[in-house]
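The values are calculated or read from the model by the stated rules, or taken from the named source; none is laboratory data. Since the structure is predicted, the reported quantities are computational estimates derived from the model, not experimental observations. Heads up, the Cβs are rebuilt from the backbone with ideal geometry, glycines too, and the neighbour counts pull from every protein chain shown. Areas reflect the complete protein model, heavy atoms only, side chains present, ligands, DNA and RNA absent. Shrake-Rupley method; radii C 1.70, N 1.55, O 1.52, S 1.80 Å.
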Protein chains: 4
Amino acid sequence: MSLFERLKAAAPAEWRSYVDHAFVRGMGDGTLPEAAFRTYLVQDYLFLIQFARANALAAYKSRTLADLRAAKDGLSAIVDVELDLHVRLCERWGLSPADIEAAPEHQATVAYTRFVLDCGMSGDLLDLHVALAPCVLGYAEIGRALAPDGVDALDGHPYREWIGEYAGDAYQAVAANASRHLDDLGARYLGPGRFDELAALFGKASRLEADFWQMGLDAAGARR
Amino acid sequence: MSLFERLKAAAPAEWRSYVDHAFVRGMGDGTLPEAAFRTYLVQDYLFLIQFARANALAAYKSRTLADLRAAKDGLSAIVDVELDLHVRLCERWGLSPADIEAAPEHQATVAYTRFVLDCGMSGDLLDLHVALAPCVLGYAEIGRALAPDGVDALDGHPYREWIGEYAGDAYQAVAANASRHLDDLGARYLGPGRFDELAALFGKASRLEADFWQMGLDAAGARR
Amino acid sequence: MSLFERLKAAAPAEWRSYVDHAFVRGMGDGTLPEAAFRTYLVQDYLFLIQFARANALAAYKSRTLADLRAAKDGLSAIVDVELDLHVRLCERWGLSPADIEAAPEHQATVAYTRFVLDCGMSGDLLDLHVALAPCVLGYAEIGRALAPDGVDALDGHPYREWIGEYAGDAYQAVAANASRHLDDLGARYLGPGRFDELAALFGKASRLEADFWQMGLDAAGARR
Amino acid sequence: MSLFERLKAAAPAEWRSYVDHAFVRGMGDGTLPEAAFRTYLVQDYLFLIQFARANALAAYKSRTLADLRAAKDGLSAIVDVELDLHVRLCERWGLSPADIEAAPEHQATVAYTRFVLDCGMSGDLLDLHVALAPCVLGYAEIGRALAPDGVDALDGHPYREWIGEYAGDAYQAVAANASRHLDDLGARYLGPGRFDELAALFGKASRLEADFWQMGLDAAGARR
């Protein structure tokens, strides 16, 4: 069993509150209010900037060239590719770069991003990657779940771009790779008495991700 | 004009949203629901632990023995005195140590504490102390405002212990000292083009403190 | 076998180069040139300041109140007690506080202290304490070795104060406690594939401690 | 006057000990023993890995996308380009990748690299870049000084590759850019009372760079 599977099994309620959140179900069946998605999209851009910093932190914390290169690739992917992709996705939803830059970080964005950065800074590389796992690996799981018949079957779906992005082969490969990296870090740093601490951290991060979805619903006046 | 006064003047809406929050007014006139106060009290204990870490971070970041000793004193005050005081205050409100320890950190607690720690780690000592100022200095200002006729006049007030603590001479002296320390750090580290960045940080921290009060009201089903 | 014993067994050459250094032997038989000891004493004061920062870092990195209190106690012991003791020891060797403050940090001091701080910041609490172990636990071992007939038998020995300090019951208890803390951290954080990395770190820290002794000899024009 | 020029003017002895070190003069007139250069080359590779971490730290500490991108570019340049260049340079001097990887970090390498990382972590972005300036900007100054008649005139010079690299237009542009970045950071973060602290930091870093050259000479049994 992979470390990721063990962590999910140890925090089932928190995990479910996140991957099966009303926001996610609303994306899946297309009933999610557009206002909820737009709020999410802007905050997710602000999230990405902090996520880039988390990858930079991983690079700083690396003790092998392999870890350093992996973290550098993650940082480059965000700064060179994902931020631009996000700007374009925002544009298609009627949000200009000026809209994004003018947006203050929501409490939910501050809470999850700074929690991850603090876990990573106060702990080790394994803590950092466990705190990031709900984001990196959870999005792949959600993407797959929302595209049960494959990405091509999403034609006409109002959230096909988002779902297609995370259900697609490219992101699924990124996630599979991240899961293997987590196992590799676990082999090095997971002492016999540490799993419960990691599981608590993973559960807390999952809950903060659920709060991030909820922020979108709240902004649209929708109910949980 | 002290740096603290300049920061407040630069972020008036955020500052007002915090020091004049409905939670504060409710404490002042005694109408605050007890459930709101109890929720606040437990989260404030969890806050204190992170606040201790912020003082430890200040000690780590110190480059003079004077800064190091000041930060060490702050850390000792929390770990040796304030945590115990807090436990006793909780007990008088019917909250056992077990209640406190069983409580998960609320999103509002995570957001403010980790924001402060991240400001301090990614910035310098001045950033750290500016991010802490709404807490350290704001509580003194709120305490004074809620005891306009002095601490002795609070007899019979349902929140006299809390108000008396922060309106009292001991805490007022701590705050006056912290304000002078901020000015001293400003004299060293406040470059000509930096004030706006610090004011934005201060405003954001004030907003996160306002959210912390709001958490108490939300828990009691009260309205903003 | 304690983790400390395992680490020593895994880096025997580095450990020997440190605990059996010519500087140590010279202290033991009283032949160490006074100039070497004076240089060491001044640099050891500068070392202590960074060592205080390492304890502050441990407090920042703590996730349990027990770890936080232990680190705070360590920090207080240095700032409130050891720095003053050191100033008095320096005075008895003819070194004024002004001499100490005017001294620039030697390369050997920078190398070991910043290595420890970087290990601790980039790694976890276990890394930090392993990097500190040659100092904390090594001094207890050296003290015992240089006082084979007990502290009382040191009467008239030119280095009796230094040896007595570290051979004495108080410091031996500190070291025993630190060794138990290391075992406790190991139980939590020592994954199956991590020992070699820790042993390399321990060996490197031991070598940097040996270089610290050598700095004293070099300053006195003495040979290794 | 640029901040870099001001810093050099404030620490003239330390700066001279570095840019006019016997190792540098020996490279310039071709009399530097090859053994000294080889030792330097291997340690400089280990230095680069820590330098990459310093750039990652700068990315983590960034608060604007512009700072983040600049730090990311710096990290990528080292990990994607410079490390490989260095391996090839080592090969031409008869040093295999295995030789490099087997080499332990010298005390001088540990001292300067960890000092820089600690300055950056305990301070702000300006501290980090000031600590790096002797390396980034100093190599450009040394390169220019050793190629007074231009890079083309170095034909046949035993150290033409090294000198040509740093005297060349590409590196000179990197350095000019880094100097402008330092001025930009200074405009933001250089408070009225901070210059002396920065100058002390700059002087110390310069001295540690001088020690890095000296390590090469010592290894070759050469004299300062």
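Some notes on this structure:
- Peptide A:59-71 shows a mean partner chain C-beta count of 6 within 10 Å per residue C-beta.
- Burial of 50 Å² or greater, region B:108-154 residues [accessible area, probe 1.4 Å, versus chain by itself]: B:Val110, B:Arg114, B:Asp118, B:Met121, B:Ser122
- At a threshold of 50 Å², the residues of region B:170-192 that become less accessible to a 1.4 Å probe in the full protein assembly than in their chain on its own are B:Arg188, B:Tyr189.
- Innermost chain B residue relative to the axis carrying B onto D, by Cβ distance in angstrom: B:Asp124, 2
- In sequence order, calculated HN-Hα J values of region B:101-114 (Karplus, 6.51, -1.76, 1.60; Hz; x Gly/Pro): 5, 7, 6, x, 5, 6, 3, 5, 5, 4, 4, 5, 5, 6
- Cα-based Rg of the protein assembly as shown normalised by 2.2 N^0.38 Å, two decimals: 0.98
- Partners for A:Lys8 among lysines (Cα-Cα distance below 22 Å; same-chain residues under 8 apart left out): A:Lys204
- In this structure, A:Asp218 and A:Glu101 have a Cβ-Cβ separation that, at R0 = 25 Å, corresponds to a calculated FRET efficiency of about 0.65.
- About its Cα centre, the protein assembly as shown has a charge dipole of approximately 0 debye under the convention of +1 per Lys or Arg Cβ and -1 per Asp or Glu Cβ, with nothing else charged.
- The stretch between C:Leu65 and C:Glu91 holds 5.6 nm of extra length on full extension. This uses 0.36 nm per residue minus the Cα-Cα distance.
- For chain C, with +1 on Lys and Arg beta carbons and -1 on Asp and Glu, the positive-most of C:Leu83, C:Thr31, C:Leu182 along the dipole: C:Leu182
- Prolate is the label for region B:65-224, because the ratio a/c of its alpha-carbon gyration tensor axes (a ≥ b ≥ c) is 1.5 or higher and a/b is greater than b/c.
- Other copies of C:Phe195: label-to-label distances in nm, shortest first, labels 7 Å along the beta-carbon direction: 2.1, 5.7, 6.1
- Dipole magnitude of region C:130-187, debye to nearest 20 (Cβ charges: Lys/Arg +1, Asp/Glu -1, about Cα centre): 160
- Rounded if a/c under 1.5, otherwise prolate or oblate - region D:1-72, Cα gyration tensor axes: oblate
- Cα-based shape type of region A:1-144, given that a ≥ b ≥ c are square roots of the gyration tensor eigenvalues and the cut on a/c is 1.5: oblate
- Each Lys and Arg adds +1 at its Cβ and each Asp and Glu adds -1 at its Cβ; summed about the Cα centre, chain D shows a dipole of about 560 debye.
- The residues of region B:3-219 present an accessible area of 36 Å² per residue when probed at 1.4 Å with all protein chains retained.
- Other-copy label distances relative to D:Glu5, 7 angstrom Cα-Cβ extension, nm: 4.0, 6.5, 6.6
- Karplus-derived HN-Hα couplings along region A:194-203 (A = 6.51, B = -1.76, C = 1.60, θ = phi - 60°), whole Hz, x at Gly and Pro: 9, 4, 4, 5, 5, 5, 5, 4, 4, x
- Residues of type lysines that A:Lys72 reaches as a straight line, Cα spacing below 23 Å, ignoring anything fewer than 8 places off in the same chain: A:Lys61, D:Lys61, D:Lys72
- The accessible surface of the protein assembly as shown, taken with every protein chain in place and a 1.4 Å probe, is 52 percent carbon and sulfur.
- Solvent-accessible area lost on pairing A with C (1.4 Å probe, both sides summed) amounts to about 1700 Å².
- Each residue was assigned an accessible area with a 1.4 Å probe, and for C:Ser96 the value is about 40 Å².
- Plainly put, the tip 7 Å out from Cα toward Cβ on D:Ser96 is 6.0, 6.2, 6.8 nm from that tip on each other copy, the closest given first.
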